[in-house]
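S.K.: There's a structure below that I have some questions on.
The values are calculated or read from the model by the stated rules, or taken from the named source; none is laboratory data. Keep in mind that this is a model prediction, so the values were computed, not measured. Don't worry about glycine lacking a Cβ; one is built from the backbone with ideal geometry, like all the others, and counts go over all protein chains shown. Remember, those area values only see protein heavy atoms, side chains included, never the ligands or the DNA or RNA. Shrake-Rupley method; radii C 1.70, N 1.55, O 1.52, S 1.80 Å.
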Amino acid sequence: MTAPAVLSAAELVTTPRWFPHMLDPLRDALLLVEKGEEEYRRAAFLDERSLSPDQARQAVDWRHVAAAFGPAARRDAQYIFHIGHVGSTLVSRLLGELPTFFSLREPLLLRVLADMAAEAGSDEALWSPKTLAARLDGAQALLSRTFRAEQRALVKATSAASEIAPGLVGPGSKALLLYARPERYGATILAGENSRRELAMASQERLKRLHRRSGGRRWRLWEMDEGARLGLAWAAEMTSLVQAVDALGPGAAMWLDFDAFLTDPSRALADVARGFGSPADAAAELARHPLMHRYSKATDHEYSASLRAELLTAASRDHADVLAAALAWLEEAARDVPAIARALDAAGRTR
């Protein structure tokens, strides 16, 4: 189904009813999909998994979209960046239960922009590097729209989008940076077959990202076993967050260790809400919300902090050799790569 006519600038600017689902960098066109507030609330991922065949949609030239958002348009979205598998969906869902937040989870648009940013300046890039800042500004405006005046958008990005965090978090906005220490992250990945497959599939792109921050091409993927690739995954994602903090400047980012969150979720939620400029008391009450006992990516399944602890304990025991190899890889890499050493410091792990 398609929308009957080209959208007006007012329709684009004043409401998130038309969601920027996908940016086609070849055609420089944006696919807009119609969504109601409840559809946003239900969606764990605002990518192809959130589409249904009967949703109204329309392809619009990027120029048309960019021209709609003048200097006075809202650009006050706040963000959750993370290293993956560290509770970002849960935190996003919980905060989205408050009337002051309008939560959006993993817009595909940001993944495309991160890919384009990685190519910026290369001879093979589809876009001139001079246009990237304007495109990020347009995304910032699109994702800042809310259904109600008292809401403020809270965008949970996919982990790779941490690379473009400085271009998304505007003045007066903040970013929450969610992470886990290497040993806990490693156990989380090793606890599930799906996450282990994802580790293998994402290693190539993560190595490219880490090489950009390590001062040279230091590793060969074909020489890296699962333990080394696990260390690589944590290093690539965590150094991206550290780089974002440097670029965003003092006071613009808040760190949160997911295991610390689970130890005292009431306090953590209050602190995060306060940091985002929302009332802390109502956020603290969310620690007793039923979402705390559901699997946040598929809420019809039960999941809890105690079950997670059991699974991580078993994974640490059953895959001790792989986990040890990952930690050893990180320790060795940190001796030669300052960015990895800083990531370990940021995680509070003493080497």
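S.K.: Between Ala9 and Gln204, what is the spin-label point distance in nm, taking each point 7 Å from the Cα along the Cα→C-beta axis?
M.R.: Taking the simple label geometry, Ala9 and Gln204 are separated by 4.3 nm.
S.K.: With a 1.4 Å probe and every protein chain left in place, work out the accessible area per residue of segment 256-351 in Å², rounded to a whole number.
M.R.: Numbers: 5150 Å² over 96 residues.
Result: 54 Å² of accessible area for each residue.
S.K.: Can you give the accessible area per residue of segment 58-209, in Å², using a 1.4 Å probe? Write down the numbers at each step before the final one.
M.R.: Details: 5560 Å² over 152 residues.
Averaged over the residues of segment 58-209, the accessible area is 37 Å².
S.K.: Give me the percent of accessible area attributable to carbon and sulfur for segment 301-351, probe 1.4 angstrom.
M.R.: Details: 1500 of 2840 Å².
That fraction is 53 percent.
S.K.: What is the gain in length, in nm to one decimal, between Arg274 and Arg42 on full extension, counting 0.36 nm per residue of separation less the C-alpha to C-alpha distance?
M.R.: Numbers: separation 232, 0.36 × 232 = 83.52 nm, distance 2.46 nm.
Full-extension gain reported as 81.1 nm.
S.K.: Additional query: Take every DSSP beta bridge with both residues inside the chain and express the antiparallel ones as a percent of the total, to the nearest 5.
M.R.: Values: 12 of 30 bridges.
About 40 percent, rounded to the nearest 5.
S.K.: Based on DSSP loop calls and a cut-off of at most 10 other Cβ atoms within 10 Å, the longest stretch of the chain free of exposed GluC sites (Glu not before Pro) is what? Show your work: numbers first, answer last.
M.R.: Values: sites that count: Glu124, Glu150.
Value returned for the longest uninterrupted segment is 151-351.
S.K.: Give me the one-decimal nm value for the distance between modelled label points at Glu34 and Asp300, 7 Å along each residue's Cα-to-Cβ direction.
M.R.: Each label point lies 7 Å from its Cα, and together they span 2.6 nm.
S.K.: Under the 0.36 nm per residue contour assumption, what length would be gained going from the current alpha-carbon distance of Glu193 and Arg148 to full extension? Working shown, then result.
M.R.: Details: separation 45, 0.36 × 45 = 16.20 nm, distance 4.09 nm.
Full extension of this stretch gives 12.1 nm more.
S.K.: I'd like the carbon and sulfur percentage of the solvent accessible area for segment 111-178, probe radius 1.4 Å, heavy atoms only, ligands and nucleic acids excluded.
M.R.: Carbon plus sulfur share of accessible area: 52 percent.
S.K.: Residues of segment 302-322 with backbone nitrogen within less than 12 Å of a virtual label 7 Å along the Cα-to-Cβ line of Asp225, please, listed as ranges.
M.R.: 320-322, by backbone N distance to the label point.
S.K.: Separate question: Subtracting the Cα-Cα distance from 0.36 nm times the residue separation, let me have the gained length for Arg218 to Arg49 in nm, one decimal.
M.R.: Working: separation 169, 0.36 × 169 = 60.84 nm, distance 3.62 nm.
My answer for the length gained is 57.2 nm.
S.K.: On to the next question. Could you work out how far apart the two model spin labels at Arg57 and Glu119 are, taking each label as a point 7 Å from the Cα in the direction of the beta carbon, and quote it in nm?
M.R.: Distance between label points: 2.1 nm.
S.K.: Which entry is the computed Rg and Dmax of the Cα atoms in Å for this structure: (i) 21.0, 67; (ii) 19.3, 60; (iii) 20.1, 61?
M.R.: (iii)
S.K.: Picking from Leu327, Leu210, Leu126, which is most flexible by a Gaussian network model of the chain using Cα springs under 10 Å?
M.R.: Leu126
S.K.: Quick check on segment 110-228: take the gyration tensor over C-alpha atoms, sort the square-rooted eigenvalues as a ≥ b ≥ c, and tell me if it's rounded (a/c under 1.5), prolate or oblate. Mind dumping the intermediate values first?
M.R.: Values: a/c = 2.51, a/b = 1.35, b/c = 1.85.
Judged from the Cα gyration tensor, segment 110-228 comes out oblate (a/c at least 1.5, b/c at or above a/b).
S.K.: How big is the accessible area of His21 in square angstrom, nearest 10, if you roll a 1.4 angstrom probe over the protein chains?
M.R.: 10 Å²
S.K.: What do you reckon, how do Tyr295, Tyr179 stack up by accessible area (1.4 Å probe), largest on top? Mind dumping the intermediate values first?
M.R.: Working: Tyr295 95, Tyr179 20 Å².
My answer, sorted largest first, is Tyr295, Tyr179.
S.K.: How about Lys156: which lysines have a C-alpha closer than 26 Å to its C-alpha, ignoring those fewer than 8 places off in the same chain?
M.R.: Lys156 reaches Lys35, Lys174, Lys208, Lys297.
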